[in-house]
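No lab work stands behind these numbers, since they all come straight from the coordinates. Predicted, not measured: the structure shown is a model, and the values here were computed from it. With ideal geometry, Cβ positions are generated from the backbone for all residues, glycine too; neighbour counts draw on all protein chains shown.
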């Protein structure tokens, strides 16, 4: 893909100040009919030409959307976690993986307390103290990290 014609979606969304996940969701739902997503090596690209019109379309499609930070936490849970009542994981493992994921995807990062608060709001998750690999740890029950 030629850089003169296309721009990585992460770069475009950072430039425009709109979360990447919100852009992808709006494009997939057909809320931005003039924009097509192209992929190369698993990365999304958008046309450079018409970026201003794209900004207007994204803005219209995302009015009333949740904050970018909340969206990033929800996207993390959706893409990197499994939800099941039998799973549990130490809070510090979730936090470390969330920070790694946010840096790689150029997402806004919640503070640790905000991130934990967001997880507590999810149905089926409990903040507990449990034995994990022989040690007492603060954990979340009902969630686990995806393997791979």
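This table checks each residue for (1) touching a strand residue (DSSP E or B) at 6+ places or on another chain (Cβ under 7 Å); (2) surrounded by 15 or more Cβ atoms within 10 Å (Cβ to Cβ); (3) assigned to a strand (DSSP E or B).
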residue: 82; (1), (2), (3): yes, no, yes
residue: 85; (1), (2), (3): yes, no, yes
residue: 89; (1), (2), (3): yes, yes, yes
residue: 95; (1), (2), (3): no, yes, no
residue: 99; (1), (2), (3): no, yes, no
residue: 104; (1), (2), (3): no, no, no
residue: 117; (1), (2), (3): no, no, no
residue: 120; (1), (2), (3): yes, no, no
residue: 123; (1), (2), (3): no, no, no
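Cβ-Cβ distances below 6 Å connect the following pairs, each with a first residue in segment 104-115 that is free of Cβ contacts under 8 Å to residues at least 40 places away in the same chain, a second residue that is surrounded by 13 or more Cβ atoms within 10 Å (Cβ to Cβ), and a separation of six or more residues or different chains: 112/95.
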